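Have a look at the structure below before the remarks.
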Amino acid sequence: MNTKRMTCRLATLADLDLLAALNEQLMQDEGHPNDLTRQQLADRMRTWLQGEHRAVIFEEGQDLVAYALYCVGERSPTDRFIFLRHFFVQRPLRRKGIGREAVRLLLTEVFPPNARVLLDVLYHNQAARAFWQKLGFTEHCLTFEKRGAEFNRE
């Protein structure tokens with residue numbers, strides 16, 4: 001039985017290298033087609049953190065177990081939401097309740113009460129889809145993408 005209590009803290013710019021390394025692992029795990037270098041990921045994370053995004057680091061004792069990156073979005077003055085851009089649990093710690101506890105902390109200690117939370121999951125990432133559904137998230141929309149300039153007329 002795990003006796004360590006999970007805590008969370010807002011990341012700072014001092015955490016950029018760590019966040020870039022975790023983001024790189026996240027993209028590998030989800031099969032994301034992005035080919036940014038670790039330095040480019042750190043630069044992008046810096047831009048996000050200096051803007052509207054916030055990163056949360058989850059720890060058990062001195063051990064980093066997960067991270068999340070989010071921002072507040074708004075479609076209109078009455079349609080505000082939290083967009084959870086990244087959520088990552090360290091590979092050896094998966095399927096041990098770490099993700100569930102990290103999401104619980106986000107929803108109860110980080111996000112405003114009753115916040116509407118949106119997130120994207122790559123369609124082919126069945127494990128992530130199952131995880132979020134198990135936590136009560138429901139599918140909301142399907143995004144289509146086309147790469148390349150060629151257009152087929154049929």
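The values are calculated or read from the model by the stated rules, or taken from the named source; none is laboratory data. Fair warning: this is a prediction, and the values are worked out from it, not measured in the lab. In this analysis, Cβ positions are derived from the backbone assuming ideal geometry, glycine residues included, and neighbour counts consider all displayed protein chains.
Key figures
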{"item": "Any hit, segment 88-108, residues being at pLDDT 90 or above and touching a His at 6+ places or on another chain (Cβ under 8 Å)", "result": "no"}
{"item": "Residues located in segment 18-63, provided they are under 17 Å from LEU93 (Cβ atoms) and either more than 13 Å from the chain's Cα centre (by Cα) or surrounded by fewer than 12 Cβ atoms within 10 Å (Cβ to Cβ) (or both)", "result": "LEU18, ALA21, GLN28, GLU59, GLU60, GLY61, GLN62, ASP63"}
{"item": "Members of segment 80-96 that are within 22 Å of MET45 (Cβ to Cβ), without any contact (Cβ under 8 Å) to a residue 40 or more places away in the chain and of a type in the set (Lys, Arg)", "result": "ARG85"}
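This table checks each residue for (1) exposed (fewer than 14 other Cβ atoms within 10 Å of the Cβ); (2) over 15 Å from THR7 (Cβ atoms); (3) not aromatic (Phe, Trp, Tyr).
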position: PHE83; (1), (2), (3): no, yes, no
position: ARG91; (1), (2), (3): yes, yes, yes
position: ALA102; (1), (2), (3): no, no, yes
position: VAL117; (1), (2), (3): no, yes, yes
